[in-house]
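Structure first, commentary second.
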Amino acid sequence: MAAPPLPDCVAVVTGASSGIGAEIARALAGRGLGRVVLVARRRERLEALAEELGDSARVFIADLTRSAEVEALIETHPRVDLLVNNAGIGSSGRFDKVASTDGDSLSALVDLNCRALVRLTAAWVPGMVERGGGWVLNVGSIAGMFPTPTSATYGASKAFVNQFTESLRIELRDTGVAAHLLAPGPVATEFLADVEEHRQRYGAFFVPARRVAEEGLDYLFADRPRHVPGWLVRLSALVARSTPLALFRPVAGFAMRRRGGDRR
Ligand SMILES: NC(=O)c1ccc[n+]([C@@H]2O[C@H](COP(=O)([O-])OP(=O)(O)OC[C@H]3O[C@@H](n4cnc5c(N)ncnc54)[C@H](OP(=O)(O)O)[C@@H]3O)[C@@H](O)[C@H]2O)c1
């Protein structure tokens, strides 16, 4: 057997209430997916998107940091052909300062960005393998490719996503199931609280969420292992990854102090 044609497929998109996830859901509906299940916490946002997408869309409200809600999602949808693990939150500030003022947010970040992603993948990939077809699109980040001072927990969670996806892809070779890593650089979404500050500093690196979504799906369906949208982002990620850590550490430390990041 192989993956069914797209009109017979069920897709789950986590974090579909805004940003990249909403654009991926729109792009999947536009490509004729039979059913697209939109998952997030904000009901009104999901219902508005479902109305926009029409008959193919279904809404599932879940806080994916809560195990019971993750399990309810899995129980409600026993068969999924395309899983988009996109929901994610960030962390910002020196670790000890965040830990002493908002330590719970760090655990929630790991629960959402890593634990829920593994649980959902574990729930649906065995069925895909049994049926001989399916897709997993994990949204990692270039932030997972090198140290990210002032976003230590976030960068580490994305390193987890990046590495998990690359290994999963190799393991699933010849099963008919494709795992793909979409690793964006800066994208102007609600994720960037200080988006204007980011735009001033990194404007040339920004890629629109819609393009990130469309390119991610193009690469997924072309069975390519990973995609970093935007040539400038690809180039800078390559330079950062190729820089020896002995050089990277002092440069990143200097940049952090210059931005005042060590004081927040
Ligand atoms: N924007 C960037 O610069 C950038 C760069 C690289 C990678 N990424 C990654 O791209 C992914 C999407 O981010 P985005 O930029 O599109 O940001 P966004 O607009 O803030 O979207 C995040 C999504 O995650 C959902 N979410 C957050 N907490 C959740 C929870 N506890 N349970 C369920 N859903 C939850 C949010 O929905 P609710 O609040 O309604 O639950 C929202 O739909 C993330 O994994 C992020 O790490 C973003």
Requested in this report: Calculate what fraction, in whole %, of the accessible area of the chain sits on carbon and sulfur atoms when a 1.4 Å probe is rolled over the protein chains.
Outcome: 54 percent
Report task. Counting only heavy atoms of the protein chains, get the accessible area per residue of the chain (1.4 Å probe) and round it to a whole Å² value. Result -> 49 Å²
Query raised in the report: Which whole-percent values make up P(r) of the stretch 1-94 when all C-alpha to C-alpha distances are grouped in 5 Å steps starting at zero?
Result: 3, 14, 26, 24, 17, 9, 4, 2, 1, 0, 0
**Report entry** Built amide H within the under 5 Å cut-off of Trp135, gap 5+
**Finding:** Leu82, Leu83, Ala178
Report task. Using only the Cα atoms of the stretch 77-176, construct the convex hull and provide its projected area averaged over every direction, in square nanometres to one decimal. Result -> 6.5 nm²
Query raised in the report: Alpha carbon centre of the stretch 234-264 versus the stretch 160-209: separation in Å?
Result: 19 Å
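Starting from the eigenvalues of the Cα gyration tensor, five times each then square-rooted, give me the equivalent ellipsoid semi-axes of the stretch 136-215, largest first, whole Å.
27, 16, 8
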Report summary line: Compactness summary of the chain: radius of gyration and Dmax from Cα atoms, Å, are 18.3, 57
Query - Net charge contributed by nearby residues that have their C-beta within less than 13 Å of Arg263 (K/R +1, D/E -1) - result: +4
Report task. Tell me the Kirkwood hydrodynamic radius of the stretch 1-158 in angstroms, computed as one over the mean inverse distance between distinct C-alpha pairs. Result -> 16.3 Å
Query - GNM flexibility winner over the chain from Leu137, Leu235, Leu64 (Cα, springs under 10 Å) - result: Leu235
Requested in this report: Please turn the phi angles of the stretch 123-130 into ³J(HN,Hα) values with the Karplus equation 6.51 cos²θ - 1.76 cosθ + 1.60 (θ = phi - 60°), one per residue in order, whole Hz, x for glycine and proline.
Outcome: 6, 10, 5, x, x, 4, 5, 4
Requested in this report: Give the angle, between 0 and 90 degrees and rounded to the nearest 10, that separates the Cα long axis of helix 43-53 from the longest principal axis of the Cα atoms of the chain.
Outcome: 60 degrees
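The values are calculated or read from the model by the stated rules, or taken from the named source; none is laboratory data. Note that the coordinates shown come from a computational prediction; the quantities given were computed from them, not determined experimentally. Virtual Cβ from ideal backbone geometry, glycine too; neighbours counted across all protein chains shown. For the accessible areas, the whole protein counts, side chains as well, though only heavy atoms, and no ligand, DNA or RNA atoms are used. Shrake-Rupley method; radii C 1.70, N 1.55, O 1.52, S 1.80 Å.
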